[in-house]
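Structure first, then comments.
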Amino acid sequence: MALYSEKVMDHFTNPRNVGKIEDADGIGEVGNAKCGDIMKIYLKIENDVITDVKFNTFGCGSAIASSSMATEMIKGKPLSQALELTNKAVAEALDGLPAHKMHCSVLAEEAIRSAIKDYYDRRGIAYDKSQFPEPHGEEEHNFEED
């Protein structure tokens, strides 16, 4: 069995929504110093719907594929649905990730939450703080390499 699914390879070699939105309504950036992955996600939002999303990711193929898939999953969706996106859903949409690469899907989820929180903060919109837990630190991304 291949280490990476065809979907992971496709999103790695042909990532969707790469780039920067200059006048983004929300920007989220998360990183993991231990593995070196850094994700930055830009959101354009109209009437509580994500009308455009772009990302820049510095990291491994799984990190790039997770970012690409996550942007595809939230584009055109209301913020409430984007907030429900889980790392498990991203990994499943990619037909799985190796166990030691699951942290990449966690970073994608956290980057999206960070961008939505940034949007709320910029607009002075009240929100439930429990929807925005602190991003995991590198000590929590302590995955063993196989």
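FYI, it's all coordinate maths here, none of it is from the lab. Keep in mind that what you see is a predicted model, and the values were worked out from it rather than measured. When we count neighbours, we look across all protein chains shown, and the Cβ atoms used for this are built from the backbone with ideal geometry, even at glycine.
Full extension from residue 20 to residue 49: what is 0.36 nm times the residue separation minus their Cα-Cα distance, to one decimal in nm? Walk me through the intermediate numbers first.
Numbers: separation 29, 0.36 × 29 = 10.44 nm, distance 1.83 nm.
Full-extension gain reported as 8.6 nm.
Sequence-distant contacts, meaning Cα pairs under 8 Å at least 6 residues apart, place the relative contact order of the chain at 28 percent. Given their separation in residues at 0.36 nm each and the Cα-Cα distance between them, residue 29 and residue 86 gain 18.8 nm when the chain is fully extended.
Using the count of nearby Cβ atoms within 10 Å as a rough guide to exposure, how do 69, 9 rank from fewest to most?
Numbers: 69 24, 9 15.
Ordered from fewest to most neighbouring Cβ atoms within 10 Å, 69, 9 come out as 9, 69.
As a calculated quantity, the FRET efficiency between residue 60 and residue 125 at R0 = 35 Å, using C-beta atoms, amounts to about 0.55.
In sequence order, the range 84-94 has phi-based couplings of 7, 5, 10, 4, 5, 5, 5, 4, 5, 5, 8 Hz under the Karplus curve 6.51 cos²θ - 1.76 cosθ + 1.60, θ = phi - 60°, and Gly or Pro positions carry x. Rounded to the nearest 500, the helix-only mean residue ellipticity at 222 nm of the chain stands at -11500 deg cm²/dmol, with each DSSP H run of n ≥ 4 adding -39,500 (n - 2.57). Is the range 1-71 rounded, prolate or oblate when judged by the Cα gyration tensor, a ≥ b ≥ c being the square roots of its eigenvalues, rounded requiring a/c under 1.5 and prolate requiring a/b larger than b/c? The shape class here is oblate. Largest first, the extents of the alpha carbon coordinates of the chain on the three principal axes equal 47, 31, 24 Å.
Calculate, in nm to one decimal, what residue 3 and residue 134 gain on full extension: separation in residues at 0.36 nm each, minus their alpha carbon distance.
Values: separation 131, 0.36 × 131 = 47.16 nm, distance 3.07 nm.
Stretched out fully, the residue 3 to residue 134 stretch lengthens by 44.1 nm.
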